[in-house]
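The values are calculated or read from the model by the stated rules, or taken from the named source; none is laboratory data. If you're wondering where the values come from, they're calculated on a predicted model, not measured in any experiment. Cβ placement follows ideal geometry from the backbone for every residue including glycine, while neighbour counts extend to all protein chains displayed.
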Amino acid sequence: MIGCDCAVCRSSDPRDKRLRSSVYIETPETAFIVDTGTDFRTQALRENIRRVDAVVFTHSHTDHIMGFDDLRRFSWQRGSMPVYASAKTMADLERVFMFAFKGTNPFPGYLKPEPHLISGPFQLGKTTITPLPVPHGKAEVNGYLFSRPRNTDLQSVRPVELHSAESKTEREYEISQAAPKAFGAGHTGQSPMFRHERKLIAYLSDCSAVPDEIAQKILGVECLIIDALREKPHPTHLSVAQALEVATRVQPKETYFIHIAHELAQSFEENLPPHTHIAYDGLKLSF
Ligand SMILES: [Zn+2]
Ligand SMILES: [Zn+2]
Ligand SMILES: [Zn+2]
């Protein structure tokens, strides 16, 4: 924190040096980023990011959008930059970055956003991205569930689920579309869609509560990445105790706390239950 002399701000543990929250997801067929905060440029240089095929936004708070214009490097490579956001977040992006959305500057190096409004699950490559609307104080933020096809033995697919689509992913996606209850309230992880998809990551970076229907949707996810600002309660973020309570409902294999404030040292991880970690800048997870 600027001008702070607390133990975490003066810590010698490099993991206590934290930039804004964001994740970069690389798959065999595509690569995308969730949020472009104020530190996006620094993070992209540090991690030597060479490819961004799309950006997905959680919400429009400055710590999640202010690096938006630095997507120009990747937009120029592709010709445009697909931007996925809720209608409210997109409206804010269009207002704050009017110069980019207006598209009147013909210089090819400028960012050319290609807006995609999120109204339900969508796909980037073979990854299904399911929005998880959660309260963030008085605002609503999209968390996201990222799921990928299992290596299903085709012999074991029930005849009713066979469609004419060419690829397995397309077929599974059709199943999810044909089964509206799959995303309904109170449904468990055993929905038709998720029998064929691995629920890999639930990303809830900014939230003050996780309603039960959202916890059900991400039940048993392999990795829960969740807001845990500090020990003391906060009006717009989960505390450590609240995040742990969410984890008991979601039952992930591993839990990572993010959006950590300077009140919480990396060393606090020693006090957390097994399979519960404090994420740090540069952390890489493989699935
Ligand atoms: Zn401090
Ligand atoms: Zn926020
Ligand atoms: Zn935030």
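Laid out as a table, the results:
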item	result
Selection within region 127-139 - touching a residue at least 60 places away in the same chain (Cβ under 8 Å) and touching a strand residue (DSSP E or B) at 6+ places or on another chain (Cβ under 6 Å)	THR127, THR128, ILE129, THR130, LEU132, PRO133, VAL134
Residue match in region 79-86 (condition: over 13 Å from GLU114 (Cβ atoms) and not polar (S, T, N, Q))	no
Candidates THR236, THR248, filtered to the one that is under 19 Å from TYR144 (Cβ atoms) and either surrounded by fewer than 18 Cβ atoms within 10 Å (Cβ to Cβ) or under 17 Å from the mean Cα position of the chain (by Cα) (or both)	THR236
Qualifying residues in region 1-42 (those that are of a type in the set (S, T, N, Q) and within 16 Å of ligand 2 (Cβ to nearest atom)) - the one surrounded by the most Cβ atoms within 10 Å (Cβ to Cβ)	THR36
Residues (under 24 Å from PHE146 (Cα atoms) and either without any contact (Cβ under 8 Å) to a residue 24 or more places away in the chain or of a type in the set (D, E, K, R) (or both)) located in region 54-73	ASP63
Scan of region 29-53 for residues that are out of contact with any Leu (no Cβ under 8 Å at 6 or more places or on another chain), closer than 16 Å to PHE146 by Cα and touching a residue at least 40 places away in the same chain (Cβ under 8 Å), ordered by number	GLU29, VAL34, ASP35
Hits in region 208-241 (condition: out of contact with any strand residue (DSSP E or B) (no Cβ under 6 Å at 6 or more places or on another chain), of a type in the set (S, T, N, Q) and in contact (Cβ under 8 Å) with a residue 24 or more places away in the chain)	GLN216
Some residue of region 247-257 being within 16 Å of ligand 3 (Cβ to nearest atom) and more than 15 Å from LEU132 (Cα to Cα)	yes
Per-region count, region 251-275, residues closer than 17 Å to LYS232 by Cα and surrounded by 22 or more Cβ atoms within 10 Å (Cβ to Cβ)	4
Test: residue in region 64-84 that is modelled with pLDDT of 95 or more, within 16 Å of ligand 2 (Cβ to nearest atom) and of a type in the set (Ser, Thr, Tyr)	no
Residue ID - farthest from the chain's Cα centre (by Cα), chosen from residues in region 70-89 that are hydrophobic (A, V, I, L, M, F, W, C), surrounded by 20 or more Cβ atoms within 10 Å (Cβ to Cβ) and closer than 19 Å to ALA44 by Cα	PHE74
Complete set of residues in region 56-84 that are among the small types (Gly, Ala, Ser) and either touching a helix residue (DSSP H, G or I) at 6+ places or on another chain (Cβ under 6 Å) or over 27 Å from THR128 (Cβ atoms) (or both)	SER60, GLY67
Scope region 247-262; condition more than 12 Å from SER205 (Cα to Cα) and either in a loop (DSSP other than H, G, I, E, B) or of a type in the set (D, E, K, R) (or both); matching residues	ARG249, GLN251, PRO252, LYS253, GLU254, ALA261, HIS262
Verdict on GLY79 being away from ligand 1 (no atom under 16 Å from the Cβ), without any contact (Cβ under 8 Å) to a residue 40 or more places away in the chain and within 20 Å of PHE257 (Cα to Cα)	no
